[in-house]
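Data first, discussion second: the structure below is written as structure tokens.
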There are 2 protein chains.
Amino acid sequence: MQGTMLYGPRDIRLEDRPEPKITKPTDAILRLSATCICGSDLWSYRGIQSIAQPTPMGHEYCGIVEEVGKEVNNIKPGQFVVGSFATSDNTCVICRDGYQSSCVQREFMSTAQAPFLRVPSADGTLVATNDLPPKGFLPSLLATSDVLGTGWFAADAANVKPGKTVLVVGDGAVGLLGVLSAKQMGAERIIVMSRHPSRQKLARKFGATDIVTERGDEGVARIKELTKGIGADSVLECVGTQESMMQAIQSTRPGGYLSYVGVPHGVELNGEQLFFAHVHLHGGPAPVRRYLPELIQLVLNEKINPGKVFDLTLPIDQVAEGYRAMDERRAIKTLLRP
Amino acid sequence: MQGTMLYGPRDIRLEDRPEPKITKPTDAILRLSATCICGSDLWSYRGIQSIAQPTPMGHEYCGIVEEVGKEVNNIKPGQFVVGSFATSDNTCVICRDGYQSSCVQREFMSTAQAPFLRVPSADGTLVATNDLPPKGFLPSLLATSDVLGTGWFAADAANVKPGKTVLVVGDGAVGLLGVLSAKQMGAERIIVMSRHPSRQKLARKFGATDIVTERGDEGVARIKELTKGIGADSVLECVGTQESMMQAIQSTRPGGYLSYVGVPHGVELNGEQLFFAHVHLHGGPAPVRRYLPELIQLVLNEKINPGKVFDLTLPIDQVAEGYRAMDERRAIKTLLRP
């Protein structure tokens, strides 16, 4: 099969790769219906995060089960499934507490930009739908696999509740779906920091009430102006840089909640500053598996349409163009048809 | 009157100071019944935190109201009161949310190691008892002013609940009262990191079930051993150094809760490490005022005896010896009689 490999900064190639096989009795093999490129893939694509060798790419996926290992009991060939970017047994004490992305058996998926995919711990990682979903649902179902699950965790970890004032730092696909999630959770006011008209438009469609274009100290001052001088109740940090994290901390009210859901790159938090900010801080790899059943249901019931973040769809043989479009901000997020 | 001043590293002097007067109509003047030395006073006493000029000391206090300003309505002369180390109006939106130590009118108390004290925002800062308490209650009532309130916040911010496994990092007075607080909140297992026999003994009296003497990586390994390999549900960081904070983060289970209640000194948190630790982090100056009514009641009903942390009592003219004894770890905490 043809799978996606990163060879170095901005060097994405589709090349012959061995078709995945069952290697453990708890594995499943999927024929993917859709996969995509993640904002986090751009860290290594841009060379900000270095790679030691040519590396397969992709961790968001949904598709049809082709084959399962002998110890897979719940997932059956022929089912349509969505899985998380982090595998989980969904039975260990950490999973039972809802932190499946830190499961004792966790593996991070990394070969999903391809037509076939091996998924470890299939019973605990994958969620099947009752029926094969109509094709029109594929983008939104694919979104639940990571980008929506991550935005949802961001809102949940930032304690978004009915009536609250929420700030979303970052207008990438995760930030935009953080807006959608905050809206679903009943936030009254949703402020987004964004400078891109097309993203602002989608943010408003998802429920944003205010757009702030200023950054840094000016951005913080503007947020304070909008929140009676004290800051937002819930702040979702969806970028992962030092600047965005500082902006987020300074924009959170004392006693408020700040979540961060992208792997931080070069972020150092000063203990004393955090202490006097008086915020609740929670983040990490989103435990998407916790939310998958609910999110899939919301999609199938047409309550939400997170697939709107895919503003570019390409056949997988144009994967390199998919990366370029996101790198150059011509696309918010690229869906790939395997 | 004679008030305590710090002139430089290990140079504490009692010297003539003007008696405090009402300067704002919301002030009260107290004749202190008891005051004490805080672990946090040792940062500047030891020169780790530098001072620009001779500085008055003390922020823990209880006593009798001598006089109140014209706009003080709830607090009356003759009442016995306890107040927080941070003043608060107790009416602003941040106070109403329970974060009085970040009140928009907050001032940090700093002249309490003296016989008389001016307390700003008296109505919102002080809590009066119905009657004058018997003298035997003074140490425990004094403790509610900061050290118990801070230990209580540490346990609350670390989400201590019935049945949980709690780790307390630090065996100073705050850590010891973190143990007492966790016990009151129903923790099943309370592990304390301590190397000092007298502190271990008090920790056990307050409810500790396990003592760990190892530190650093060995300490973390020992905590993991005691918690089925995953870490504690709730971790109270009661020291404020880089080493203790790292130990605390690494000892918290994924999805668990970590609180930190001492001003961090030289602490830098790596964003990526914190991300993958997957913990909830909350801390800051303890909103003691939120808890004062409940804590005072627990003391007066003899449910708790936090005053046991005072293992040295001196008249205030021996304040310098009080600092020395704590600096040299001959005393856990020194109570001063004004």
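Just so you know, all these numbers are worked out from the coordinates, no wet-lab data involved. Predicted, not measured: the structure shown is a model, and the values here were computed from it. Please note: Cβ atoms are built from the backbone with ideal geometry, for glycine as well, and neighbour counts cover all protein chains shown.
Quick one: if the Förster radius is 41 Å, what FRET efficiency do A:R204 and B:E107 give, using the C-beta to C-beta distance and rounding to 0.05?
Numbers: r = 42 Å, r/R0 = 1.04.
After rounding to 0.05, the efficiency reads 0.45.
Taking one equal scatterer on every alpha-carbon of chain A, how large is log10 of I(q)/I(0) by Debye at q = 0.08 1/Å?
-0.36
Putting +1 on Lys and Arg Cβ atoms and -1 on Asp and Glu Cβ atoms, find which of A:F153, A:A203, A:V192 reaches farthest to the positive end of the dipole of the stretch A:150-283.
A:A203
What fraction, in whole percent, of alpha-carbon pairs in the stretch A:195-249 exceed 17 Å separation?
41
What shape does the stretch B:211-324 take by its C-alpha gyration tensor, where a ≥ b ≥ c are the square roots of the eigenvalues and a/c under 1.5 counts as rounded, a/b above b/c as prolate, and the rest as oblate?
Verdict is prolate for the stretch B:211-324.
Taking θ as phi - 60°, what are the ³J(HN,Hα) couplings along the stretch B:5-16 by the Karplus curve (6.51, -1.76, 1.60), each to the nearest whole Hz, with x for Gly and Pro?
With the stated coefficients, the stretch B:5-16 comes to 10, 9, 9, x, x, 6, 10, 9, 10, 9, 9, 4 Hz.
Please turn the phi angles of the stretch A:120-131 into ³J(HN,Hα) values with the Karplus equation 6.51 cos²θ - 1.76 cosθ + 1.60 (θ = phi - 60°), one per residue in order, whole Hz, x for glycine and proline.
x, 6, 4, 4, x, 9, 9, 10, 9, 8, 5, 10
Got the B:E268 label distances to the other copies yet, label 7 Å along Cα→Cβ, in nm, shortest first?
Ordered by distance, the counterparts are at 0.1 nm.
When each copy gets a label point 7 Å from Cα toward the beta-carbon at A:K76, what are the spacings between them in nm, shortest first?
7.8
Once R0 is set to 22 Å, what does the formula 1/(1 + (r/R0)^6) return for the Cβ-Cβ distance between A:D317 and A:E66, expressed as a FRET efficiency to the nearest 0.05?
Efficiency, from the Cβ-Cβ distance: 0.55.
In the stretch A:184-251, which GluC sites (Glu not before Pro) fall in coil by DSSP and have 15 or fewer other Cβ atoms within 10 Å?
Passing sites in the stretch A:184-251 are A:E188, A:E214.
Using Cα atoms only, what is the angle between the long axis of helix B:197-206 and the major principal axis of chain B, expressed in degrees (0 to 90) to the nearest 10?
80
B:Y7 to A:L132: FRET efficiency via 1/(1 + (r/R0)^6), r the Cβ-Cβ distance, R0 60 Å, to the nearest 0.05?
0.15
How would you classify the stretch B:149-283 from its alpha-carbon gyration tensor, with a ≥ b ≥ c the square roots of the eigenvalues: rounded for a/c under 1.5, else prolate if a/b is greater than b/c, otherwise oblate? Please list the in-between numbers first.
On the way: a/c = 1.31, a/b = 1.29, b/c = 1.02.
Since a/c stays below 1.5, the shape of the stretch B:149-283 is classed as rounded.
Looking at this model, which pairs from A:K135/A:K161; B:K224/B:K333; B:K164/B:K224 are more than 24 angstrom apart at the alpha-carbon?
Over 24 Å apart, Cα to Cα: A:K135/A:K161; B:K224/B:K333.
A:G256's amide H: which non-local residues (gap 5+, or another chain) put their own amide H closer than 5 Å, with H modeled 1.01 Å from N in plane and none for Pro or chain starts?
Placed amide hydrogens put A:H280 under 5 Å from A:G256.
Can you give the calculated 222 nm mean residue ellipticity of chain A, where each DSSP H run of n ≥ 4 adds -39,500 (n - 2.57) and the sum is split over every residue, rounded to the nearest 500 deg cm²/dmol? Mind dumping the intermediate values first?
On the way: 12 runs with 102 residues, N = 338.
Mean residue ellipticity at 222 nm (helix-derived): -8500 deg cm²/dmol.
Given a cut-off of 17 Å, what percent of all Cα-Cα pairs of the stretch A:99-150 lie beyond it?
Of all Cα-Cα pairs in the stretch A:99-150, 48 percent lie more than 17 Å apart.
Using DSSP to define loop residues, name the GluC sites (Glu not before Pro) in the stretch A:267-299 whose beta-carbon has at most 14 other beta-carbon atoms within 10 Å. Write down the numbers at each step before the final one.
Values: sites: A:E268, A:E272, A:E294; in loops: none.
Passing both the DSSP loop test and the Cβ count: no residue.
Can you tell me which lysines have their Cα less than 17 Å from the Cα of A:K76? Leave out same-chain residues fewer than eight positions away.
Within the straight-line limit of under 17 Å, A:K76 reaches these lysines: A:K21, A:K24.
For the stretch A:150-283, give the magnitude of the charge dipole about the Cα centre (Cβ charges: +1 Lys/Arg, -1 Asp/Glu; no others), in debye to the nearest 20.
Details: 14 positive and 13 negative charges, 122 e Å.
I would put it at about 580 debye.
Which net charge results when you count Lys and Arg as +1 and Asp and Glu as -1 among the other residues whose beta-carbon is under 11 Å from that of B:S145?
-1
May I ask you to report, in nm to one decimal and beginning with the shortest, the distances from A:A128 to the same position in the other copies, taking label points 7 Å along Cα-to-Cβ?
Values, ascending and in nm: 7.1.
Can you give the angle from 0 to 90° between the axis of helix A:216-226 and the longest principal axis of chain A, with both taken from C-alpha atoms, to the nearest 10?
Roughly 70 degrees between the two axes.
Test of understanding: ordering A:D171, B:D146, A:D327 by Cβ neighbours within 10 Å, fewest first, what list do you get? Could the numbers behind the result be given before it?
On the way: A:D171 25, B:D146 29, A:D327 16.
Taking fewest neighbouring Cβ atoms as first place, the list is A:D327, A:D171, B:D146.
From the square roots a ≥ b ≥ c of the eigenvalues of the alpha-carbon gyration tensor of the protein assembly as shown, which class results: rounded (a/c under 1.5), prolate (a/b over b/c), or oblate?
Working: a/c = 2.56, a/b = 2.01, b/c = 1.27.
Because a/c hits 1.5 or more and a/b exceeds b/c, the protein assembly as shown counts as prolate.
Mind pulling the per residue volume of the convex hull built on the Cα atoms of the stretch A:124-187? Å³ is fine.
Values: hull volume 6.7 nm³, N = 64.
So the per-residue Cα hull volume is 105 Å³.
Neighbour counts of other C-beta atoms within 10 Å: give me B:D27, A:D89 arranged from fewest to most.
Taking fewest neighbouring Cβ atoms as first place, the list is A:D89, B:D27.
Within the stretch A:204-233, which trypsin sites (Lys or Arg not before Pro) sit in a loop by DSSP and count at most 16 neighbouring Cβ atoms inside 10 Å?
For trypsin sites (Lys or Arg not before Pro) across the stretch A:204-233 that sit outside H, G, I, E and B with at most 16 neighbouring Cβ atoms in 10 Å, the list reads A:R215, A:K228.
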